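Right, one structure below, let's go through it.
Derivation of every value follows stated rules applied to the coordinates shown; laboratory data play no part. Note that this is a predicted model, so its numbers are computed, not measured. Every residue, glycine among them, receives a Cβ derived from its backbone with ideal geometry; neighbour counts consider all protein chains shown.
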Amino acid sequence: MLKRNLPLAIVFTTALLLVAAFFIPHRPFGDLESRFLNWYAIVAGFTYLLGIDSLARHHILRVTRRAPGWPFSLLLVLALFGTLGLGVYSWFKFQSPFALRAPFMWLYTYMIIPLQATMFATLAFFIVSAAYRAFRVRNFSATLLLLAACLVMFGNVPLGGEVWRAVASAMHKVIPSIDPAALGALEIPAVVKDWLMKVGQTAAVRGIGIGLSLGGIAMSLRIVLGIERTYLSS
Amino acid sequence: MKFWDTLSGLDRRILYLLLALAVALPLILKPHVAIRTSEPVRRAFNAVESLPEGSVVMISIDYDPSSAPEVQPMLVAILRHCFRRNLKVILTGQLALGLPLGEIALNQVAPEMNKTYGVDYVNIGYRPGYTAMMVGIGREIRDYFQTDYRGVPLDSFEFMRAVHNYRDIGLLVSLAHGGVADAWIIYVGGRFGQRIVVGCTGVNAPNLYQFYSSGQLAGLIGGLQGASEYETLIDRPGSATLGMPAQSVAHGLIILLLCIGNLGFLISRRRKKN
Amino acid sequence: MLLNLIGTWVAATLTIAILSFLYKENPLYRVAEHLYVGISAGFAIIYVWSFDVYPMLIQAFQRHLAEGNRAEAWILLIPAGLGLMMLLRSIPKLAWISRWPMSFTIGIGAGLGLVATVQGYLLPQVTDTLRPLVTVNNAVLYVGVISTLLYFYFSREHRGALGAVSRVGIIFIMVAFGANFGYTVMARISLLIGRFYFLLHDWLHVIR
């Protein structure tokens, strides 16, 4: 009862209350909605701590068992507790760990930013390598994909405009009646890219989005009505 | 024909070196490039420009250091624009690791525009569980944020006394990576009719065009190009404009590599057929 | 100033450590990787305290008591209790208790999402698609949305009329994926530009 039926009842009641509050924003629904949303924020914060607990336990275990690579795990654990210590110190010294002069912010500016930013910056290299080696026009679909990608990459940067103006100048040399300034001002690569983004790809993204949202509504209903219970597994 | 096979199997470290040079050299040489402004960015600019003096703009920092090179220039440019128009700014955030970036930008821009904390702008901080908070502050901001991020009561700031919910906010600017911008549009734009401008990474921009097309967004600033366009519109080139030559050369390199790779593939395939 | 200088060198070292992975995996990279995870985890705990537990529980409790609102103060024990129950997930024998706060958050999410998805996404997007077919753009948008939706209808075999429309759908999907790829490339290059700018400007002062 407590392990299965009560959670199902909680899901049903809270979801129903929120839907009712949308249509009846007055008391008691509006007040209850506001209170429940407030509680949600509080509980969501504790959820973050779950992952950290699991991470810390895993690495502390690796250190105590001297598993392969344990010095790195020790570094991780020391970094975790060091950051905690610095945060607590900054809290007491500056009334907020996020005061710009606080040591905690030094850690953020000179360690978190470069580490996180560089992690994602390396993806640029991998994307270039993968595109060069694997992106092949084996069939019509792949050709279309490559063409769209190139048109967007070309039109998205000033290079597209520079090349187009050079083309306009070259065309003027071949056909003198063509005004290179007027033709260059058309910025065809950028216009094509704008059209592709606003119409061409929007159509497909919207179609996919509509499908996803219908699926999401169906799944939400299944969860609320207790048909979908996978979230109950511990 | 061995040439094409060799070219197709080029060591990936040579490709990395080529990319590194394509990015580094333009940064050092700083060639001038013309920035063309697009309609979505112009509309974002106009959304801020059209606000009456003294209007409140809420800027939500929904990105973190992994997207900072693209989105931080947008934040700096928008802050400059808001302060130039004497708009009041409320800074908040939905990503824990991103909020300090907002504080860094405020501390860069506010002194140069002679703006004072508490009079012209306030940082109200962050709360977990963003969808609930987005809907919750539609009723009353103080249900979630009684104080600013330093613990000072919101009502001690004069301009905040009149700000209770989205009805008192002229424009919401979400600077995002990931699905947070979608959440602002769906939960806040849909339910409360809040006017929203989104500045996003290049990865998210294609997905957000559908909202721009349907009128759910007042403007859209996508990627480093979008940031450089906004800097051009406020006539204050910054790091985004500085990065566009490198972006151009890198794109040119990638398109060239794609062409070379596929040319080799087509030649090899034709050879095998023959 | 000295702290900033030390910080710049620390940041540059960590940047190069991560970039060294491009050559091959090495101990310097692993040091940086583990530092990143450890510091981020510590950061998250401080965040939860500073922006969640302290202002929304402790400060709120004190404020309600100061205002004479004892009921409101003690009601805060409910979300505090739910939060602590969530942490019981780590103890196998008591993990089942975490289902209650989990159900609460899922109920909130489902309830909010049900209405918001229809009001905030479905209706506006469908409305915008149903434009008068008097311009090429409107017609292309209409055809694209319908054909994409039909492509993902797998309850019937894609033959005949459905097959033809699905093939049109694939064209639009490929264009969307290509556009996505183009923008993703732009995004990743931008991140690289940011790091190189830091190394060349802030660290080596090659860029003035």
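Structure notes:
- Proximal lysines to B:LYS272, defined as alpha-carbon separation beneath 25 angstrom and excluding residues fewer than eight positions away on the same chain: B:LYS2
- Separation in nanometres of the label points that stand 7 Å from Cα toward Cβ, at B:GLU49 and C:ARG30: 5.6
- Dmax and Rg, reported as Rg then Dmax, of region B:39-237 (C-alpha, Å): 15.0, 42
- Crossing angle, helix A:70-94 versus chain A [Cα axis fit, 0-90 degrees, rounded to tens]: 80
- Share, in percent, of DSSP beta bridges within the protein assembly as shown that are antiparallel, nearest 5: 5
- When the alpha-carbon atoms of region C:57-118 are used, the pair Rg, Dmax equals 15.3, 42 angstrom.
- Largest first, the extents of the alpha carbon coordinates of region B:1-111 on the three principal axes equal 68, 34, 25 Å.
- Region C:118-151-region C:1-52 distance, computed between alpha-carbon centres (Å): 46
- Fraction of the pair-distance distribution of region C:131-208 above 15 Å, Cα-Cα pairs, percent: 70
- One Cα centroid belongs to region A:165-228, the other to region B:143-218; the line between them spans 25 Å.
- Normalised by the number of residues in region C:131-208, the average gap of Cα pairs under 8 Å and 6 or more apart makes the relative contact order 20 percent.
- Antiparallel bridge percentage (DSSP; both residues within chain B; nearest 5): 5
- Chain A: angle of helix A:5-23 to the longest principal axis, Cα-based, in degrees nearest 10: 50
- Volume per residue of the C-alpha convex hull in the protein assembly as shown, rounded to whole Å³: 205
- Per-residue shielding of A:188-195, expressed as the average number of other chain Cβ atoms within 10 Å of the residue Cβ, stands at 2.
- Charge tally in the Cβ shell below 13 Å around A:ARG57, where Lys, Arg are +1 and Asp, Glu are -1, A:ARG57 excluded: +2
- Normalised by 2.2 N^0.38 Å, where N is the number of residues, the alpha-carbon radius of gyration of chain A equals 1.62.
- Nearest-0.05 FRET efficiency for A:ARG229 and A:ALA67, computed from C-beta distance (R0 45 Å): 0.80
- Span-rule helices in chain C, defined as complete DSSP H runs reaching 30 Å or more along the axis (Cα) with Kyte mean at least 0.0: C:27-48, C:160-197
- Label-point separation in nm, C:LYS93 to B:THR116, each point 7 Å along Cα→Cβ: 6.1
- Other protein chain C-beta atoms within 10 Å of residue C-beta, averaged over B:38-44: 2.
- Viscosity 1.567 mPa s, 4 °C: Kirkwood-radius Stokes-Einstein D of region A:41-131 over Cα pairs, µm²/s: 82
- Cα-based Rg of region C:1-153 normalised by 2.2 N^0.38 Å, two decimals: 1.75
- Label sites at A:LEU186 and B:GLN108, each approximated as a point 7 angstrom past Cα along Cα to Cβ, lie 3.9 nm apart.
- Average other protein chain Cβ within 10 Å of Cβ, residues B:141-148: 3
- Descending by average beta-carbon neighbour count within 10 Å, the peptides B:185-195, A:164-174, B:101-111 line up as B:185-195, B:101-111, A:164-174, the highest first.
- Förster radius 51 Å - calculated FRET efficiency between B:ILE267 and C:LEU77, Cβ distance, rounded to 0.05: 0.10
- Taking all C-alpha pairs of region C:79-208, those more than 22 Å from each other amount to 69 percent.
- Hits among lysines - C-alpha to C-alpha of A:LYS3 under 24 Å, sequence gap 8 or more where chains match: C:LYS93
- If the chain linking C:ARG156 and C:ALA66 were pulled fully straight, counting 0.36 nm for each residue of separation and taking away their Cα-Cα distance, it would gain 25.8 nm.
- Spatial separation of Cα centroids for region B:12-58 and region A:65-116, in angstrom: 32
- Annotation: for a label point projected 7 angstrom from Cα along Cα→Cβ of B:ILE260, residues of region B:16-56 with backbone N closer than 14 Å are B:16-22.
- Highest mean packing first, where packing is the average number of other Cβ atoms within 10 Å per residue, the peptides B:133-145, B:221-233 line up as B:221-233, B:133-145.
- If the convex hull is drawn through the Cα atoms of region A:140-234, its volume per residue in Å³: 159
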